[in-house]
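Taking it in order: structure first as C-alpha cells, then the write-up.
The values are calculated or read from the model by the stated rules, or taken from the named source; none is laboratory data. Quick caveat, the model's predicted, so the values are computed rather than measured. Cβ placement follows ideal geometry from the backbone for every residue including glycine, while neighbour counts extend to all protein chains displayed.
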Amino acid sequence: MSSTSMRAQQWRARIADFWANAWRWVLIAAGAAFAVYFLLERSTGNQIMTAIAVAALAIGAVLTASRPLAIALMAMPALFIVQRIGLGGGDLSVSDVALAAALGTAILLGHRPYSRPMRALLWLNLLYQFATLFTVIINPYTENTVEWFHAWLLISGALVVGWALGRAGLAKYAFLAMIAAACVIALGTIVSGVFSYASGDFGPVYPSFPFSMHKNAAGTLMAFAALIVYVNPPWAELPVRWTRLALGVLLLAVLLTQSRQAWIGLVVAVIVVVFRRGGHSRLALLLVIPALWLVVSMVIEQVESQNSHNSFFQRLDWLREVYAFWKHAPIFGHGLRFWYVDPVLPYQPPQAELEVVASAGVVGLLAFIVMWVGILIVLFRLDPRFGTLAVAAVLSRIVQAQFDLFWVTAQVSVPFVIAGICVGAQALAASRAADAADAAALGPPLVAGRAP
C-alpha cells in the first residue's frame, strides 16, 4: 500500500471519529433546545411525534461513538411512522426525518467504494432526477424544489442507507427492526379490526394504534415486512420460529385492511420469489386465492352499484381529469406537487405514471420508465441469494403504485432500503470470500521454532 493511501485512510478514520463525537453532541444539544422549546409551549403541531423523533436521534447519537451506524439502524423502525411532526411549519414526516438522519451517517461512516450494482442504481435514479430538473426550473415554486430533493432522498438516500447497513454486516438487525415495527402496526390493526367487526362494521380496517394510519399505507408497509419474513434469506440469519409467527400476524393484518394494492403487490412479489427459486409454494396459492377474490369481488360490487362516488368510477373520473390537465403542459409538466398550488387539479393523481406525466411531462415519464426498468434489471442480475428479495420488494412497490399514489414517503423508501441492504450484503459476502481466498493463497501460518 502506498504512503498516499495510508495517509488517506488515516484522515478518513480521524474524520469518522470526529463526526461520531460531533454528531452526538450537536444532537444532544438540539434535543435539549427542543425540550426547552416544548416546555415553553412554543412548538408547532404534533409535539409528541416531534419529541419522540428528536429523542430517538439523541439516543442514536450517543451510541454513535461505539456503533458508527447506530442512527441508521435506529431509523429502520422509524421509517414506518408516517405521522407528520411539523418542524418549522413544514410537512415532514417522522419517516422523512429518520431517513435524512440515517443518510447523513451512511454517507460519512458507511463503507466505500460502492459496488458496481450500487453505482448503477444510483446513476439510474440520477437520470430521473436530471429529467425532472426541467420542470423544477420551468415551474418555480417552493413545493416543486422541495419535492425534487425529497424524491431523491426516497430512492438514492434509501439505497445508500441500506447499502451502509448491509455492507457493515447489520442486515439481520435492520430487518428485525423493520419486522418489529410492522408487527406493532399489525397488532394495532388486528385490535381495531376486532372492535370494528364486533360492532358489525366489516369494512376496511384503519388502524388507530400506535398511531392513525390509512389502510393503504398500513397494508403496503406490512406487506413489505411480510415479504422479508417470507423470503428469509439465509445470509440475514433471521430466527425461523419467530418469523413464522410474525408472518401469520402480518398477513392477517394486511387482509383486515382490505388494501387491494398491498395484496396484489405482495402476490406478484411472492410469485417472483417462487420462480426465482425454481419451485412451488403453498403460500403463493394461499395468497393468490384471497387476493383475486378480494379484488374481483370489490370491483364487481362497485361496478354494479353504479355509485359515481366509489373508488372505481372515481378513478375513471380522475383519469379523464388528469389527461385534460396534462395536455396544457405535455412536455415538462406542471411541476412536482402541483396540487399544492394549482386549483385546477387540487389532488395527487392516484397512479404512478399519471402523477409523473402530469408533474414532469413526457420527459419525466420516459426517464421514470427507464429508471424503473433499469433498476429491476440491475437487481435481477444480482446473485439470487441476495437479489431475490431486492427485486421482489422493488417490483412490489411499482405494482402497488398502479392502483394508488406513488410518491408517498415510507411506501417508497422502505423497499429501496431493503434493496440497498441486499446489495450491501452481497458486497460484504464478496469481500469476505476474497479475503478468505487471499488467506488460503498465503498458506497456513508458520509455527514458532519450525523452519518453513
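Annotations
- Residues that are out of contact with any helix residue (DSSP H, G or I) (no Cβ under 8 Å at 6 or more places or on another chain) and either of a type in the set (Val, Ile, Thr) or assigned to a loop (DSSP other than H, G, I, E, B) (or both), drawn from region 318-341: 327, 328
- Residue in region 383-393 that is within 18 Å of residue 217 (Cβ to Cβ), assigned by TED's automatic domain parsing to the domain that holds residue 219 and at pLDDT 95 or above present: yes
- Matching residues, region 410-435, being touching a residue at least 12 places away in the same chain (Cβ under 8 Å), out of contact with any Pro (no Cβ under 9 Å at 6 or more places or on another chain) and of a type in the set (A, V, I, L, M): 410, 412, 414, 417, 418, 419, 421, 428, 429, 430
- Test for residue 181: is it under 16 Å from residue 80 (Cβ atoms) and surrounded by 17 or more Cβ atoms within 10 Å (Cβ to Cβ): yes
- Criterion applied to 432, 337 was being among the basic types (Lys, Arg), surrounded by 13 or more Cβ atoms within 10 Å (Cβ to Cβ) and more than 21 Å from residue 225 (Cβ to Cβ), and the one residue passing it is 337.
- The set of residues from region 205-251 being of a type in the set (Val, Ile, Thr) and under 19 Å from residue 269 (Cα atoms) comprises 220, 228, 229, 231, 243, 249.
- Subset of region 168-211 [part of a loop (DSSP other than H, G, I, E, B), at negative phi and without any contact (Cβ under 8 Å) to a residue 60 or more places away in the chain]: 199, 201, 202, 203, 204, 205, 206, 207, 208, 209, 210
- Evaluation of residue 276 against (1) closer than 25 Å to residue 423 by Cβ; (2) at pLDDT 90 or above (one fails), failing number: (2)
- Top-ranked residue of region 89-106 - restricted to ones that are under 17 Å from residue 174 (Cα atoms) and either modelled with pLDDT under 85 or aliphatic (A, V, I, L, M) (or both), ranked as surrounded by the fewest Cβ atoms within 10 Å (Cβ to Cβ): 100
- Scoring residue 255 on the criteria (1) under 13 Å from residue 393 (Cβ atoms); (2) surrounded by fewer than 22 Cβ atoms within 10 Å (Cβ to Cβ) leaves a single failure, condition (1).
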